[in-house]
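> Quick one: structure below, then a few questions.
Please treat every number below as a calculation from the coordinates, not as lab data. Small disclaimer: the values here were computed from a predicted structure and weren't measured. Quick reminder, even Gly has a Cβ in these numbers, built from the backbone with ideal geometry, and neighbours come from all protein chains shown.
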Amino acid sequence: MISIDRRLVREIDWVLLGLVLLQSLIGVFFIYSSSRFLAGDFYVRQLVWIGISLAVLVFVVAVDYKFFVSLAPYFYVLIAAVLAATLFFARIVAGTRSWITLGLMRLQPSELAKIVMILVFARLFAEYKSPMLTLPRTLWALAIAGLPMLLIVLQPDLGTAMTFAAVVGGAFLLAGLKRKTIALFVVVGLLGGVGVWNLALKDYQKRRITTLVNPQGDPRGSGYQVIQSRIAIGSGGFSGTGFMKGTQSQLRFLPARHTDFIFSVIGEEAGFLGVFAVAALYLALLARMFLSVAAARDRAGVYIVFMASLLIAFQFLVNIMMVVGLFPVVGITLPFLSYGGSSLLASFAACGLVLNVKMRRFANV
Amino acid sequence: MPGERIYEDLTLVRRRARAAFWTVAALIVLVLAYYWKVQVFDNAKFARMAEANRTRIRTLAAPRGLVLDRNREILADNRASFKVSLVREHVGDMDAMFASVSRLLGLDEATLRERVELHKDLPLFEPIVVADGLDADAVAPIESRRLEHPELVVESEPQRHYPKGRRAAHVLGYLQERTAEELRAGGAKRMRAGEMVGRAGVERQYDDILRGQDGSVVEVVDSLGRVQYEQAHEFPAQGAEVVLTLDDRLQELAEAALEGREGVVVALAPDSGEVLALASSPTFDPNRFITRFTPAEWRDLINDPLSPLENRAIRGLYAPGSIFKLVMSLGGLAEGSITPATTVYCSGATRIYGALRHCWFEPGHGAMDLSDAIKNSCNIYFYKLGQSMDIDTIAGAARRLGLGRATGIDLAGEKDGLVPDRAWKKAALGEPWFPGETISVAIGQGQLQVTPVQVAALTAAIARRGRPGPAPHLFRSSPKVDAPTGPEAPDGPAAAAAAEPLLPASAFESVIAGMWRSANDGGTGQGARVEGFDVCGKTGSTQVMSRESAAKLAQSGREVKTHSWFSGFAPRERPRLVVTVLVEYGGGGGATAAPVAGRIFARFRELEPR
């Protein structure tokens, strides 16, 4: 089953892999800049995680994606169980029960759940060959997506739940939705939104959303992060304040500098040029990923490529909007650049799946 | 073409996937455009905000200038101390903060709340001083808990110190913290929250000279407010010193003489107007003001029935009593109602306008000329003189001698006193003047009101034989002021009044002769006599109640006390010192006030034998 023959290795998209590693290394530099004065050598840990993630990527690439897809139901049951267990056994970190400890490593099962959902939906939708989804199938798919999502919302991890919803929603769009179904979704979504706002959202989450409209309304509270982040980005100017010279990050005004707000550090220290460079690299990477759909040999492959690409694209977009104040602060990391093992692992695995699909376009079924 | 190998129709999903990518790409471009706006267009604004974020300007308080006496004895200096301020901006839970900070500072919580409440109108980022006058040991526990209390700022600050405690407190005045209203009103004057400014006395009068130029330091701080390094340093410049005319040795004696009583001693040089001693009792310790009072402490002080904060020398209004007989004599001589030789017979009582009026000496003084009358302070003589003079003439003489109007001494809050006349009574009471009232005024009673410093200025004018002279003043010199005297000193209203001599010097001589005899020839002022110093003076005892109720009190065996005055100068020729003493409820002027003045004259002679 694990067979890497030379023909396949030749088919690996080295450019895509190179872009992923390049982004990761840029991330390491800015993690160093923004956390070197903290105990814990975060940049070294990030390098270790890049190594681990690369190993996982190699594993993901080595196994034919068809095999993963065939195992999707088992993965699904497993990850649902782990998510449920997380709710009961996880330590509370930053107010959420998102982390489980496996020996030396702390993992966020919700990150892995995204990858599992890519496989589950690839399997689910690969069988529907009609241009549009029917309502019963839609509801069935929703139920399947709904369970892990609910478990993630309960943690509560709004950011991951949103990413989850975006990726699943993307799969639905790709599968094709009837107008009526879309209309139904919109109505249910609006009603659900109002219901969630009134019943389910915690105060701090509501504040994050109102802060988006008026960050100065609560400058010491939830608005603080956005204000400081905007100051960091804005003060970077065109060419930046210089590596390790940004006062917002070096003097710790910027919150979550090496994790969710790493892009603000880039904006401050490397200026618009840095922002543009990272965005350009991202655009190249996303183009490479999305347009790989052309190379998928079957419907499952298309879904895998599309959902994996969407996963990276959505997190990237939301993160760069969030740090500049165009989106509420929801705790979504910048794939490849933010510090954090689980996020890195999930992003590498997603790319691994894309590489997997792409390199096996000529493979016999 | 790879498409040829595909056995499923994937065209539709591929097209949708591509559409999704282009949507994402378009969004990225839009977001990048927004980054361009934030980073390039709004760069200046955000750069400024980043700068404001990381820098904090801390004021370095300038030490105030020294205040010295005429012999450069230090009356006010500064000493190093620490103060603790609270920045409400950095407080999360106010109640929790009050509890923990009051424990840390060893204050009770109510006091702390009161201090913060007092400044609640200040912007949140302005530090509120909650404790000061602390030494290094007292601030050590606060410094060590800096991380738990980001809202507390410990700064060292030069603190005003009065090394002699209560000495000359009314002259020096005191400092108080700037009020929120003043800060809000702002204006061109340099001011900052927590700054101490002169509120009374010399500290207030010469605040501009004494106040230094504050320095500043730009500190670069991290998000927790911890100072990383300092960027620019502008050192504070101490205020200029002010040398006063006071002689601390006389001041010390004057205050000791008043210890335990309420009263005033003013000593001044008649030719220069320089005040050598100015004591008002009871007094206060200006050092107490430096550590910021709570409103309750302040209330207690201003509600003290003996009003220790009041400078009685310039603000105490008293009837001049027999001291006014000097004004009557000079006015009478000027107008021609009497000559030095005019003689009146005192039998101890006389009937004037149908009322029986008594002399203070019941057996009567017998036949007396002017100098006898002054020596013995005979009431009958001056009743008769009052009978022959018009109230407006008397008032005119009093005003020309400087009564009824502030002397212009360089202390804020001086009162004018009151010289009654027909126009005043009409305006104030709506009544005509009654001749009987003139009789009361003639012996310094009635509505007449003077301040002790006015009496001193009047005595100085007599000592100068009516020659114009400078108003009493405390300012001697300061390196910051070019003129040899103070900004307000030499051209006071009293000097202007004396510009025209009231009388030829000979008229003064006959009054002075009476004053000399009062002290040296068995008169009422003999308690002030100093061997070989030729003290000339006049006593006064003012009734603080009507004669009838005084008589009743005396009958019931209670002691009747009157305010006791003495004012005089020495020596008779080329006078060098004027001393005015007032002791509230001191009894007869000769018994209480004159000996106090005598001690001052004697001490002065010892210090400046010439």
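> Using the basic label-point model (7 angstrom from Cα toward the beta carbon), what is the A:Arg137 to B:Leu104 distance in nanometres?
Each label point is offset 7 Å from its Cα along the Cβ direction, giving 6.6 nm.
> Holding the Cα-Cα limit at 20 Å, pick out from A:Lys66/A:Lys114; B:Lys415/B:Lys538; A:Lys66/A:Lys129 the pairs that are longer than that. Before the final figure, lay out the partial values.
Values: A:Lys66/A:Lys114 18 Å; B:Lys415/B:Lys538 23 Å; A:Lys66/A:Lys129 17 Å.
Over 20 Å apart, Cα to Cα: B:Lys415/B:Lys538.
> Place +1 on the Cβ of every Lys and Arg and -1 on the Cβ of every Asp and Glu in the range A:6-359, take the dipole about the Cα centre, and give the residue among A:Gly341, A:Val196, A:Ile266 whose Cα lies farthest towards its positive end.
Positive-most Cα among the choices belongs to A:Val196.
> From the C-alpha gyration tensor of the protein assembly as shown, pull out the three semi-axes of the equivalent ellipsoid (sqrt of 5λ each), sorted largest to smallest, in whole Å. Please list the in-between numbers first.
Details: eigenvalues 1974, 128, 95 Å².
Rounded to whole Å, the semi-axes are 99, 25, 22.
> Report the FRET efficiency, 1/(1 + (r/R0)^6), for B:Val40 and B:Ala19, where r is their Cβ-Cβ distance and R0 is 30 Å, rounded to 0.05.
Taking R0 as 30 Å, the efficiency between B:Val40 and B:Ala19 is 0.45.
> Using just the helices of the protein assembly as shown, give the 222 nm mean residue ellipticity in deg cm²/dmol: DSSP H runs with n ≥ 4 each add -39,500 (n - 2.57), and the total is spread over all residues, rounded to 500.
-15500 deg cm²/dmol
> Let me ask something else about it. Of all beta bridges DSSP finds with both residues in the protein assembly as shown, what is the antiparallel percent, to the nearest 5? Walk me through the intermediate numbers first.
Working: 75 of 78 bridges.
Antiparallel: roughly 95 percent of the beta bridges in the protein assembly as shown.
> Same structure, new question: So for chain B: antiparallel DSSP bridges make up what percent, rounded to the nearest 5? Spell out each step's value before the answer.
Details: 69 of 72 bridges.
Roughly 95 percent of the beta bridges in chain B run antiparallel, per DSSP.
> Still on this structure: Could you state the number of Å between the C-alpha centres of the range B:242-279 and the range B:374-445?
Taking the Cα centre of the range B:242-279 as reference, the centre of the range B:374-445 is 27 Å away.
> Under a straight-distance cross-link criterion of Cα-Cα below 23 Å, which lysines are reachable from B:Lys45, leaving out those fewer than 8 residues away in the same chain?
Qualifying lysines at Cα under 23 Å: A:Lys245, B:Lys37.
> Continuing with this model, one more query. Would you work out which of A:Val226, A:Leu87, A:Gly169 lies farthest towards the positive end of the dipole of the range A:6-359, given +1 charges on the beta-carbon of Lys and Arg and -1 on that of Asp and Glu, about the Cα centre?
A:Gly169
> State to the nearest 20 debye the size of the charge dipole of the range A:6-359 about its Cα centre, where the only charges are +1 on K and R beta carbons and -1 on D and E beta carbons.
Dipole of the range A:6-359, to the nearest 20 debye: 420 debye.
> Taking 7 Å along the Cα-to-C-beta vector as the label spot, tell me the B:Arg399-A:Lys129 distance in nanometres, rounded to one decimal.
Label at B:Arg399, label at A:Lys129, 12.3 nm between them.
> Taking every eigenvalue of the Cα gyration tensor of the range B:57-244, multiplying by 5 and rooting it, what semi-axes result, largest first, whole Å? Display every interim value, and only then the final one.
On the way: eigenvalues 181, 69, 56 Å².
Over the Cα atoms of the range B:57-244, the ellipsoid semi-axes are 30, 19, 17 Å.
> Excluding same-chain residues fewer than 8 positions from B:Lys83, which aspartates and glutamates have a Cα within less than 15 Å of its Cα?
B:Glu126, B:Asp132, B:Asp135, B:Asp137, B:Glu143, B:Glu151, B:Glu155, B:Glu157, B:Glu177, B:Glu195
> Please give the direction-averaged projected area of the C-alpha convex hull for the range B:228-340, in square nanometres with one decimal.
Details: hull surface 56.3 nm².
The orientation-averaged projected area of the Cα hull of the range B:228-340 comes to 14.1 nm².
> Measuring from label point to label point, each 7 Å out along Cα→Cβ, what is the B:Arg610 to B:Ala138 span in nm?
Once both label points are built, they end up 4.8 nm from each other.
> Also: List the lysines whose alpha-carbon lies under 22 Å from that of B:Lys480, not counting same-chain residues fewer than 8 positions away?
Straight-distance partners of B:Lys480: B:Lys189.
> Between B:Gln447 and B:Ala341, what FRET efficiency follows from the Cβ-Cβ distance if R0 is 35 Å, with the result rounded to 0.05?
On the way: r = 32 Å, r/R0 = 0.91.
For R0 = 35 Å, the calculated efficiency reads 0.65.
> Okay, next question. Order of A:Arg257, A:Arg297 from fewest to most other C-beta atoms within 10 Å?
Values: A:Arg257 28, A:Arg297 22.
Result, fewest neighbours first: A:Arg297, A:Arg257.
> Related question: Find the eigenvalues of the gyration tensor of the Cα atoms of the range A:1-54, then list the square roots of 5 times those eigenvalues as equivalent ellipsoid semi-axes, largest first, in whole angstrom.
Numbers: eigenvalues 198, 34, 4 Å².
Working through the eigenvalues yields semi-axes of 31, 13, 4 Å.
> Ok, one more. Can you pull the mean other chain C-beta count within 10 Å for peptide A:285-297? Can you show the working numbers first?
Working: counts 0, 4, 4, 0, 1, 8, 4, 1, 9, 6, 2, 7, 6.
Shielding by partners across A:285-297 averages 4.
> Is any residue of the range A:336-365 close enough, with backbone N under 15 Å, to a label point placed 7 angstrom from the Cα of A:Ala284 along the Cα-Cβ axis, and if so, which?
No residues fall inside that zone.
> Which FRET efficiency value, to the nearest 0.05, is calculated for B:Leu306 and B:Tyr229 with the Förster distance at 51 angstrom and r the Cβ-Cβ distance? Don't jump to the answer; show the numbers that get you there.
Numbers: r = 54 Å, r/R0 = 1.07.
The formula returns an efficiency of 0.40 here.
> Where does the Debye-calculated log10 I(q)/I(0) of chain B sit at q = 0.05 Å⁻¹, using only Cα point scatterers of equal weight, no solvent?
These q points yield log10 I(q)/I(0) values of -0.34.
> Hey, another quick one. Among B:Ala398, B:Gly537, B:Pro305, which residue has its Cα furthest toward the positive end of the charge dipole of chain B, with +1 on Lys/Arg Cβ and -1 on Asp/Glu Cβ?
B:Ala398
> How big is the charge dipole of the protein assembly as shown about its Cα centre, in debye rounded to the nearest 20, if each Lys and Arg gets +1 on its Cβ and each Asp and Glu gets -1 on its Cβ?
Values: 105 positive and 91 negative charges, 880 e Å.
Charge dipole, the protein assembly as shown, about its Cα centre: 4220 debye, nearest 20.
> Does the range A:6-359 come out rounded, prolate or oblate, given a ≥ b ≥ c as the square roots of the eigenvalues of its C-alpha gyration tensor, rounded meaning a/c under 1.5 and, failing that, prolate meaning a/b above b/c? Before the final figure, lay out each step's value.
Details: a/c = 1.63, a/b = 1.24, b/c = 1.32.
Cα axes put the range A:6-359 in the oblate bin.
> In whole angstrom, note down how far apart the Cα centers of the range A:237-306 and the range A:121-183 are.
Measuring centre to centre over Cα atoms gives 27 Å.
> Please work out how much length the chain gains when fully extended from A:Phe89 to A:Leu71, using 0.36 nm per residue of separation minus the C-alpha to C-alpha distance, in nm with one decimal. It would help to have the intermediate numbers written out before the result.
Numbers: separation 18, 0.36 × 18 = 6.48 nm, distance 2.64 nm.
Length gained, A:Phe89 through A:Leu71: 3.8 nm.
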